[in-house]
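The values are calculated or read from the model by the stated rules, or taken from the named source; none is laboratory data. Quantities reported herein were computed from a predicted structural model and do not represent experimental measurements. Quick reminder, even Gly has a Cβ in these numbers, built from the backbone with ideal geometry, and neighbours come from all protein chains shown.
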Amino acid sequence: MTSYNNEAWSDLDLSTNERERRWREVRWRMDHAGFDALLVWGNESKWQAGLANNRYLSGRVAPGCILFPLDGEPVIWSGFPHDVTPYGALAGGWISDTRAGQQTTRDIVNTLIDRKYQHANIGIVGFGQTRPRVVPEAVPYQQFSEIESGLPSARFIDAGWLLEQARLVKSDEEIALLRRAGKLAKQMALAMKEAARPGVREYEIYAAMLDASLSRGGEEEMIWMSSGAIPPPHGKRPPSSARTLEAGDIVVCEYHARYKGYLAGAEISISLGEPKPEYQAIHEVCVASQRAGIAAMRPGAPFSDAVMAFRQPIIDAGFGSVECGLHGHGLASPEFPSTMYGGKGGGWNQHAYARIPAIDFKKNMVFATASDVFNPDWDDKTGLMLGRTVLITEDGPEEITGLPLDAKLTVV
């Protein structure tokens with residue numbers, strides 16, 4: 001164990017008051033939309049981001065299906081028989097009626113019939129149903145088809161928006177967990193800087209970053225990383241490589257820290273020794289982009305103002321970007337609203353990630369930011385990454401990882 005593991009961190013958790021708040025937030029929206037019940041599916045896709053809705057309702061990592069009624073107690077079908085015992089994986093969650101996943105399809109149909117939902121309006125909630133739709137859908141086709149056939153007079157209606165809207169503005173308890181995740185993200189950055197030395201392999205840096213989080217109560221999350229004398233302008237997805245770092249390398253990294261399901265993240269770039277002037281120039285544009293964009297993230301301001309503020313320094317420098325902008329953060333990444341592509345400083349203008357939502361910033365929204373920049377006049381195949389996690393407060397944007405935006409590229 002390395003030196004940064006000697007600190008004891010207290011544990012945080014969510015209260016029953018938070019459960020009641022969430023269930024009220026979901027139920028008034030159900031009532032307003034005319035839903036008698038929701039069927040909510042989640043799986044472990046995209047580093048468990050596909051479980052966001054299930055975790056929001058159940059308080060547990062619970063892949064499978066949840067019946068969430070307008071009135072009455074919810075039911076969850078998840079896992080193996082031993083998972084739903086008093087000592088199993090779902091123990092201590094908010095839903096007391098837990099059933100094994102092997103019972104699922106016929107039992108869902110029978111339960112809906114028993115609860116008189118034969119002619120009901122039933123909302124179908126998966127993950128990735130709403131913009132920017134960059135995550136695979138979570139509703140299993142075969143299972144849903146059998147449920148639909150078993151209740152031919154019921155009306156099944158797409159309701160993915162409902163849960164994602166309820167999760168958009170965070171509660172004080174959620175903010176506390178996100179702040180803890182932000183602290184873990186800082187520790188991961190410190191671990192990366194401590195571990196990154198000539199002779200060290202990429203996967204050793206990856207392991208040190210995970211250890212910095214897991215040893216403090218965090219949960220496993222993704223780390224995108226690339227290294228080399230001319231690394232690509234965006235980290236590659238896991239697993240990390242066995243490449244051995246060399247003097248003069250640049251390491252670019254995007255990562256999340258997860259605490260009780262809540263994500264804070266950062267994008268950082270470091271240099272093993274003094275960087276080439278071209279990388280320092282790119283870094284200065286990254287910093288200018290981040291500072292301008294974050295400053296525009298004020299409560300009541302249009303989302304579009306921040307998008308353009310992130311882009312403008314890149315455009316002014318004549319540089320380009322792989323990703324540039326911001327997206328919602330919480331139990332998933334990305335969450336609505338999201339804009340990371342498009343504009344003169346970016347690309348993929350027809351992608352869903354290029355659209356700018358017409359929404360204003362509100363207190364207790366949380367966002368990840370990114371400025372992944374390259375200089376096309378020097379080398380469009382390499383660049384740097386820089387990003388942070390921002391909480392919208394009534395006084396303005398607050399960056400919650402505590403990592404500085406230094407003008408000089410970090411040298412180790």
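Which of the following residues is assigned to a strand (DSSP E or B), in contact with a helix residue (DSSP H, G or I) (Cβ under 7 Å, 6 or more places away or on another chain), of a type in the set (A, V, I, L, M, F, W, C) and within 21 Å of Thr389 (Cα to Cα): Ala309, Ala288, Ala266? Show your work before the answer.
Details: Ala309 fails: assigned to a strand (DSSP E or B); Ala288 fails: assigned to a strand (DSSP E or B).
The match here is Ala266.
Just wondering, is there one or more residues in segment 110-130 that are among the acidic types (Asp, Glu), without any contact (Cβ under 8 Å) to a residue 24 or more places away in the chain and out of contact with any Lys or Arg (no Cβ under 6 Å at 6 or more places or on another chain)?
Within segment 110-130, the first condition is being among the acidic types (Asp, Glu), and the residues that meet it are 114.
Still in the list and also without any contact (Cβ under 8 Å) to a residue 24 or more places away in the chain: 114.
Right, trim to out of contact with any Lys or Arg (no Cβ under 6 Å at 6 or more places or on another chain) and you get 114.
Among the residues of segment 110-130, at least one is among the acidic types (Asp, Glu), without any contact (Cβ under 8 Å) to a residue 24 or more places away in the chain and out of contact with any Lys or Arg (no Cβ under 6 Å at 6 or more places or on another chain), which makes the answer yes.
Quick one: count up the residues across segment 375-391 that are outside any loop (DSSP other than H, G, I, E, B) and surrounded by fewer than 23 Cβ atoms within 10 Å (Cβ to Cβ).
Residues of segment 375-391 that are outside any loop (DSSP other than H, G, I, E, B), as a first pass: 375, 379-387, 389-391.
The next check asks that each one be surrounded by fewer than 23 Cβ atoms within 10 Å (Cβ to Cβ); those that pass are 375, 379-382, 391.
So the count comes out to 6.
Give the residue that is surrounded by the most Cβ atoms within 10 Å (Cβ to Cβ), with candidates limited to residues of segment 63-82 that are in contact with a helix residue (DSSP H, G or I) (Cβ under 8 Å, 6 or more places away or on another chain) and modelled with pLDDT under 90. Let's see the steps before the verdict.
Just the residues of segment 63-82 that are in contact with a helix residue (DSSP H, G or I) (Cβ under 8 Å, 6 or more places away or on another chain), to begin with: 63-68, 70, 74-81.
Now drop any that are not modelled with pLDDT under 90, which leaves 79-81.
Values: Gly79: 20, Phe80: 12, Pro81: 12.
If we take residues in segment 63-82 being in contact with a helix residue (DSSP H, G or I) (Cβ under 8 Å, 6 or more places away or on another chain) and modelled with pLDDT under 90, then Gly79 is surrounded by the most Cβ atoms within 10 Å (Cβ to Cβ).
Is there any pair with a first residue in segment 369-382 that is in the same structural domain as Ala288 (by TED's automatic domain parsing) and under 16 Å from Lys344 (Cα atoms) and a second that is aromatic (Phe, Trp, Tyr) and part of a strand (DSSP E or B) whose Cβ atoms are under 6 Å apart and which are 6 or more apart or on different chains, and what are they?
Asp380/Phe374
Of all residues in segment 224-256, which are in a strand (DSSP E or B) and not aliphatic (A, V, I, L, M)?
If the condition is that a residue be in a strand (DSSP E or B) and not aliphatic (A, V, I, L, M), then Trp224, Ser226, Ser227, Gly228, Lys236, Thr244, Cys253, Glu254, Tyr255, His256 are the ones that fit.
Go through segment 169-210 residue by residue and tally those that are assigned to a helix (DSSP H, G or I), touching a Ser or Thr at 6+ places or on another chain (Cβ under 6 Å) and charged (D, E, K, R).
2
In segment 29-92, which strands (runs of 3 or more DSSP E) lie fully inside it and hold 1 or more residues that are in contact (Cβ under 8 Å) with a residue 40 or more places away in the chain?
Numbers: elements: 37-42, 64-69, 75-77.
So the answer is 37-42, 64-69.
Might you let me know whether segment 129-143 holds any residue that is among the β-branched types (Val, Ile, Thr) and modelled with pLDDT of 95 or more?
If we filter segment 129-143 for residues that are among the β-branched types (Val, Ile, Thr), which is where we start, we get 130, 134-135, 139.
Filter again for modelled with pLDDT of 95 or more, leaving none.
No, there is no match, as no residue in segment 129-143 is among the β-branched types (Val, Ile, Thr) and modelled with pLDDT of 95 or more.
Among the residues of segment 58-98, what is the count of those that are more than 19 Å from Asn43 (Cβ to Cβ), among the aromatic types (Phe, Trp, Tyr) and over 23 Å from the mean Cα position of the chain (by Cα)?
First pass over segment 58-98, keeping only residues more than 19 Å from Asn43 (Cβ to Cβ): 69-73, 81-82, 85-87, 91-92, 94, 96-97.
The next check asks that each one be among the aromatic types (Phe, Trp, Tyr); those that pass are 87, 94.
Still in the list and also over 23 Å from the mean Cα position of the chain (by Cα): 87.
Selection size over segment 58-98: 1.
Are there any pairs, at least 6 apart or on different chains, whose C-beta atoms fall under 9 Å, with the first in segment 13-28 and hydroxyl-bearing (Ser, Thr, Tyr) and the second modelled with pLDDT of 95 or more, and if so, which?
Listed pairs, sorted by first residue: Ser15/Glu173; Thr16/Trp94.
Just to be sure I understand, how many residues within segment 87-117 are exposed (fewer than 13 other Cβ atoms within 10 Å of the Cβ) and farther than 23 Å from Trp23 by Cα?
Going through segment 87-117 one residue at a time, the tally reaches 4.
Picking from Val366, Val322, Val285, which residue would you name as being surrounded by fewer than 23 Cβ atoms within 10 Å (Cβ to Cβ) and in the same structural domain as Thr389 (by TED's automatic domain parsing)?
Within the list Val366, Val322, Val285, the selection yields Val322.
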